[in-house]
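What follows is a single structure, written as structure tokens, with notes after it.
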Amino acid sequence: MEVIPRPEPTNLEAFGKDFQDPPKYGLPSSVQYCVRCVISNQRPNSSIEFLHAPGEGKKTIAFNNEGVCDACVFAERKRTEIDWNQRREELRALCDRFRKDDGSYDCIVPGSGGKDSFFASHILKNEYGMHPLTVTWAPHIYTDWGWRNFQGWIHSGQDNLLMSPNGRVHRVLTRLATELLLHPFQPFILGQKGLAPKMAALHNIDLVFFGENEAEYGNPLGDNNQAVRSPQYYASERGTEEMYLGGVKVSDLITQFGLSLNDLSPYLPMVAEQERAKNLEVHYLGYYLKWHPQGAYYYAVEHGSFEPSPERTPGTYSKYNSIDDKIDDLHYYTTGAKFGIGRASYDASQEVRSGEIDRKEAIALVEKFDHEFPERFITELMEYLSLPANQFPHAAAMFEEPIMSVEYFNNLVDSFRSPHLWCWNDGWTLRHPIVPRKD
Amino acid sequence: MDLAPSNRPEERLSSQRPEPRVIARLDLKGPNLIKGVQMEGLRIIGDPALYARKYYSQGVDEILFIDTVASLYGRQHMSEILEETVRETYVPVTVGGGISSVEDVRLLLRAGADKVAINTAAVRNPKLITGIAESFGSQCVVGSIQAKKIGDEKWEVLIEGGRERTGLDVLQWAEDLLELGVGEILVTSVDRDGTGAGFDKSLAQKVRQIVDVPLIVSGGCSGPGDVLELCLHDDLVDGIAVGYGLHYEKFTVGDLSSQIEECSKPERVEPL
Amino acid sequence: MFKAGTGRTAVTAGTLILDYGLGNIKSLSEALKFTGHDVTVSDNPGDIRTANRLILPGVGSFPSAMRMLQDRNLVSGIVGAAQSGVPLLGVCLGMQLLFEVSHEQGMTQGLSLLAGHVKPIWEEPDPSPRRTHIGWRILETNPDNKSNFLNSSDVGPFYFVHSFSAIPKSHFVEKAKVTFGARDITSVVEHENIIGMQFHPEKSRSSGLDLLSRFRTF
């Protein structure tokens, strides 16, 4: 592949009052907001990250005839239709099937020590008599409180294996994912989803418990009927030559970026381990236990030493959701740029569905906090995303400008904005904010 | 006449100063009473006026209403709840949350409030405190501080419902508030809020050394034991504001005030 | 009930709260209604003439209060009514206004119905331990100086919230006090038909409500 050019300042004319370009990423051309929460129809569903090539189209969240999004429809079902007693019975039966009393681990619980993994591991151990081995895929850059919560988790009574990926490899992939997909979080997500099944195979454990199904947040409604996570997310029949990491073909990563197949295997789906994983079952605990993020926060505080972030995360009002990785700041900011949906929108929508806040408050929160620039860690993050030649001799050569500055970052972000969502009016503004503009 | 009982026996001897007060703290959002942990994850508890009446009947000394979304919406919501509460409870009511002008205060006092608690607006516009004190008297202004621990005996002032940092030192800010004319100081430990992990005693001690107005502490009360902790020091606090423990019925107002009374007996008291 | 010889009619019998713009009228009004008063709230000097009894509330600064009373032409009406025997109850700042002068924000003249002045509680001599006196107190009375209004059971506790207090010239006028550290705080004053309470009876639970009820028949 060619050397990656530096991003040029965007042609702002394309973002004027009248615009002509079609929506990027195959997004719906007209913007619609759910009538119950505050999410828009631009919200992308999850991708299979190791097949994620640049420029590909996105499937987005579905709305029903009444204008209610899939996530809200499912939230309603959680409240009214699902028989949680029965689901708990199913969980008990599942645990009974896999429980080991010979001293070995009987399930893997992946997580970071955040509220969700705390809840999952604690309840499985204490209420369902399981012997979990928790596994953690390290964040890019720990926040202080994230590290403390991770330690707190272990000290609340859990065994843990921490996998920290090769720092240099991680940085190259993060830079590439940012540069080509505007998706700085991709390397984290790859490991977060891929590590647990591999660890299960390595340790001869046949059961993995993830937390909530992503479908609760808007992936296709039908996905919610499954207790079991589809193997397509963590195993593959395809050869690695067809796979992409950071938006770059694996073969190119090896030949041009100085990375080896061994360097990349933590990010790739399991191939070699597949044999050992013949009996592996990957379940969503959220299928069996009614998931309530705020409830998990309270649980983690009451049963452990969980502390929320001492400061509000940029772009939102919340302090207990996803707080252990500094790269998170960029993740939500870039999502906001690509899809017009900021972090406050995600947090507020979730809280509306849980009954914590009403839509009116959600809107006020979105208006106040969405798309806020992540000032607090930006210097450190720019350094992290830079690939100086002395540390990255091969990768640096593949960039016209391997060092990232805030200006570079802003130009890059702007190049991913879609004119059907954003207009330039002495600053970036949404064409269709949730409270319609007066002009 | 069917009147609410007083919680203090008349046989008690009069003393040289008021006893520490038990203040029920009710955080409000719209029409709801809510409660969070470390000011996060706000959970709906129920009808505020109902809870206010309940605490009144348990003998509470004062009621404190804090509107947690006022600064988000940029306006006051409190009047209806105030009016309903005042109709049936004959104890002082303090209101806070998003109060940012002298006119806001005037309307709240007319609606039944006795004191106003000012937090965010004081940081953004310190002269507001002076303005309110001049119009309505110092005794009506409570300087409300949300304190987040940032080091050994060091706390930072947070505003906007504990969401924004200010870089201000709590002890310095308490002194400033005093100078601006507050009649009372309310210090809430953000770290202890909603945890039942006990009051932040060293925070109380440090603030006490600086302020010569009544000091109310809030955040972390898990019951009479914590009250005992504080009251063992003579003259440390003038009141405690309690939310979590009361709303989740871990203890009653009576449990706390009995403990305070115990502490007020002369033999118990140690010098600060 | 009205006193004979005052030349008033019984048209608008009742308790008049003088709402001159300062204070928590709502609580006082609710408490009075609860204790059986027929309550009118007004700042119209004309209404003073037809009232059976007057309540002078107040929260705020003495100078502001006097200014507002003057702006509304209430001063002569209040003084006139008090001097002709109409029961008058001053609450908190309202009690302080009954006196001759206050030292708050300079020197301001009051209604001068009672001799004495108003000073900050934290000033020498005998300063209070806090700048503001806030909390529940039990009253101390003097058996040699009995009140016509207070009973021996009216000890309280009552709720105080103030930073200034009145110092009557005459000892007899002070019917109850509390001590705050080194400082004596005059809590109830009484002279014929005029009563003053430094505390808030409408905020003092049943003890306060008892007093408000009694004022109806004073």
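Computed from the coordinates by the stated procedures, all read-outs in this text should not be read as laboratory data. Values in this document were obtained by computation on a predicted structure and should not be read as measured data. Note that each Cβ is placed from the backbone with ideal geometry, even for glycine, and that neighbours are counted across all protein chains shown.
Diffusion coefficient (Stokes-Einstein, Kirkwood radius over C-alpha pairs, 25 °C, 0.890 mPa s) for segment A:1-119: 124 µm²/s, rounded to a whole number. When every Cα-Cα distance of chain A is counted in 10 angstrom steps from zero, the calculated P(r) takes the values 4, 20, 31, 28, 13, 3, 0 percent.
For the protein assembly as shown, with equal point scatterers placed on the C-alpha atoms only and solvent neglected, what are the log10 I(q)/I(0) values from the Debye formula at q = 0.05, 0.07, 0.08 1/Å, to two decimals? Once normalised to I(0) and log-transformed, intensities are -0.38, -0.68, -0.82.
Each residue, C:D144 and B:E80, gets one label point 7 Å from its Cα in the Cβ direction; the gap between the two is 5.9 nm.
The DSSP beta bridges internal to segment A:174-284 are antiparallel in roughly 40% of cases. Listed by Cβ neighbour count within 10 Å, with the fewest neighbours leading, B:V217, B:V227 appear as B:V227, B:V217. Annotation for B:E261 and A:Q151: the two label points, set 7 Å from Cα along the Cα-Cβ direction, are 4.6 nm apart. Residues A:T60, C:T217 in ascending order of nearby Cβ atoms (within 10 Å, fewest first): C:T217, A:T60. Kirkwood analysis of segment B:131-200, using all unique Cα-Cα pairs, places the hydrodynamic radius at 12.9 Å.
In segment A:400-439, the ratio of gyration radius to Kirkwood radius, Rg to Rh, stands at 1.12 when only Cα atoms are counted.
With all projection directions averaged, the alpha carbon convex hull of chain C covers 10.9 nm².
Taking label points 7 Å from Cα along the Cα-to-Cβ direction, C:S153 and B:D212 give a separation of 4.2 nm. Compared with the rule-of-thumb size 2.2 N^0.38 Å for a compact globular protein, segment B:74-230 has a Cα radius of gyration ratio of 1.03. Split chain B at each of the GluC sites (Glu not before Pro) in a DSSP loop with at most 13 other beta carbon atoms within 10 Å, and the longest piece is B:12-152. Can you tell me how segment B:17-135 classifies by the Cα gyration tensor, rounded, prolate or oblate, using a/c under 1.5 as the rounded cut? The shape class here is oblate.
Measuring spread by the Cα atoms of segment C:74-181 yields a radius of gyration and Dmax of 14.5, 41 Å.
The alpha carbon radius of gyration of segment A:301-439, expressed as a multiple of 2.2 N^0.38 Å, is 1.23.
Apply 1/(1 + (r/R0)^6) to the Cβ-Cβ distance of A:E242 and B:E153, taking R0 = 41 Å, and write down the FRET efficiency to the nearest 0.05. Given R0 = 41 Å and the Cβ-Cβ separation, E is 0.10.
Calculated over segment B:169-241, the projected area of the Cα convex hull averaged across directions stands at 4.5 nm².
Taking every Cα-Cα distance in chain B and sorting them into 10 Å bins from zero, the calculated P(r) comes out as 7, 32, 39, 20, 2, 0 percent.
Among the trypsin sites (Lys or Arg not before Pro) in segment A:215-305, those placed in a DSSP loop whose Cβ has at most 14 other Cβ atoms within 10 Å are A:R238, A:K278, A:K290.
Pairs with C-alpha atoms separated by more than 26 Å, drawn from the list A:K360/B:K115; A:K115/A:K198; C:K119/C:K177; B:K115/C:K119, are A:K360/B:K115. Separation of segment C:168-218 and segment A:190-224 by C-alpha centroid, Å? Measuring centre to centre over Cα atoms gives 72 Å. For the peptide C:63-69, the mean number of other protein chain Cβ atoms found within 10 angstrom of a residue's Cβ is 1. Look at the alpha carbon pairs under 8 Å that are at least 6 residues apart: their mean separation over the length of chain A gives a relative contact order of 24 percent. Taking every alpha-carbon pair under 8 Å whose residues sit at least 6 apart, chain B reaches a relative contact order of 18 percent. DSSP bridge analysis restricted to the protein assembly as shown gives an antiparallel fraction near 45%, rounded to the nearest 5. The mean number of Cβ atoms from other chains found within 10 Å of a Cβ in peptide A:291-297 is 2, as a whole number. By DSSP, the beta bridges lying fully in chain A are antiparallel in about 40 percent of cases. For segment B:74-167, the average shadow cast by the Cα convex hull is 6.8 nm², which is a quarter of the hull's surface. In which sequence would A:M382, B:M39, C:M107, B:M78 go, from the one with the fewest C-beta neighbours within 10 Å to the one with the most? Lowest to highest Cβ neighbour count: C:M107, A:M382, B:M39, B:M78.
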